[in-house]
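Single-structure report; data block below.
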Amino acid sequence: MMRCDFCGRNQREVDLLIPGLNGYICNECAEKASEIAKEYLNKIGDSMLSEIDIKSLPKPTEIKEYLDQYVIGQDSAKKYLSVAVYNHYKRLSQDKDDVDIEKSNIIIVGPTGTGKTLLAKTIAKLLKVPFAIVDATVLTEAGYVGEDIESLLVRLLQACDYNVKEAERGIVFIDEIDKIARKSDNPSITRDVSGEGVQQGLLKLLEGSVVNVPPQGGRKHPEQKMIPVDTKNILFICGGAFEGIERKIALRLNTHVVGYGAGNHVSKTDREKLLHYVAPQDLRSYGLIPEIIGRLPVVTNLEPLDRDALRRILVEPKNAIVRQYEKLLGMDGIKFSVKDDALDYIVDKAIEYKLGARGLRSIFETIMMDLMYNAPASKMKKFELTAKYAQEQLESSNFSAIASTI
């Protein structure tokens, strides 16, 4: 009679006997072996996590060089991010002595379409620690319709297959942080559940504390077992457009963005670069509470993209939109190229509609729609995009009317 070679029980005493090359194992022994192996591998993983070789880490200059391949310009923000990520690695490998290196959470201010989310996604490709991008717009106070603050950490746990020790050394990018600004300084009978209430809830995460995280989302499964996560070593990078913050900066600098009079001495160039002077007090006047600003000590900005930067974005990055269409049409056997006058036309329209780099893709998609529809069924072998064709396609669509309302 067949028996389990581990516990000795025969096939009548167990539910299942799994055959091997030279013996058998029952289902219960297999389950126990799996648990032992899992526990051992977790211990090995924890010891590997605690031993980070600083020499093998990408240096700040190397991180920036990698970002340069995908994001055009924004050198200042790239330097801040590169240093923050490198120092985060070093914090994870610091010796336990009298000096404890604290984390420096970052907040990035920049207009829409300048590359905040793209920078975060590009860094995620390079990192050796778990990385999650989350959106602040869906967050509300506990008990209200929306997502709890703890849901930020669920994405991080998912990124490392729910390995808590690994998640506790990760990086979280919180996008649209400006959308949770305090709605008004005036007292109100209604609660600001998606504004100041969310900021108050974020304080414990940014500062560092043990947070009970629902693995499947807190409100749909209230009976689930919580996972405790220590956020002390999690680096938080926040980004937001902060639309209109230039006025706050201008007021602080005793200048005028619009109108006549005293603001005439401020040059047009300085007005366009007011974000260079962004400071914590501007974020406070915009609607962020002082406590959360104190937990985001590093403030940097992304510059509005000029004409040259927009043109380079079309062709230079590894995932440039022109390269993407070359690949797409190439899969149908069509050689695709773009004339310089067409690139200039697309850039001019992006500037006119003030949509930033994101607008470049919208315009390009609109221009290419008819070609992408007809080309696969045609016998076309080559296509060159000209300014005349681009203008005809854009004018025949309703893009202009839509863009003017954005």
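The values are calculated or read from the model by the stated rules, or taken from the named source; none is laboratory data. None of the values given here were measured: they were computed from a predicted structure. Cβ placement follows ideal geometry from the backbone for every residue including glycine, while neighbour counts extend to all protein chains displayed. Accessible surface is based on the protein model in full, side chains and every heavy atom, while ligands, DNA and RNA are left aside. Shrake-Rupley method; radii C 1.70, N 1.55, O 1.52, S 1.80 Å.
At a glance:
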read-out	value
Qualifying residue in segment 108-115 (condition: under 24 Å from Asp161 (Cβ atoms), crowded, with 16+ Cβ neighbours inside 10 Å and over 13 Å from the mean Cα position of the chain (by Cα))	no
Subset of segment 183-232 that is assigned to a loop (DSSP other than H, G, I, E, B) and modelled with pLDDT of 75 or more - its residue that is farthest from Pro280 (Cα to Cα)	Lys225
Candidates Thr117, Thr122, Thr137, Thr112, filtered to the one that is over 26 Å from Leu57 (Cβ atoms) and in a helix (DSSP H, G or I)	Thr137
The one condition in (1) more than 30 Å from Val198 (Cα to Cα); (2) touching an Asp or Glu at 6+ places or on another chain (Cβ under 8 Å) that Ile289 fails to fulfil	(1)
Top-ranked residue of segment 79-95 - restricted to ones that are without any contact (Cβ under 8 Å) to a residue 60 or more places away in the chain and under 12 Å from Asn233 (Cα atoms), ranked as surrounded by the most Cβ atoms within 10 Å (Cβ to Cβ)	Tyr89
Considering residues of segment 53-72 that are closer than 20 Å to Asn301 by Cα and over 18 Å from the mean Cα position of the chain (by Cα) only, the residue most open to solvent (accessible area, probe 1.4 Å)	Glu65
Residue that is nearest to Gln74 (Cα to Cα) [pool: residues in segment 332-356 that are basic (Lys, Arg) and part of a loop (DSSP other than H, G, I, E, B)]	Lys354
Residue in segment 345-356 that is open to solvent by less than 10 Å² (accessible area, probe 1.4 Å) and not hydrophobic (A, V, I, L, M, F, W, C) present	no
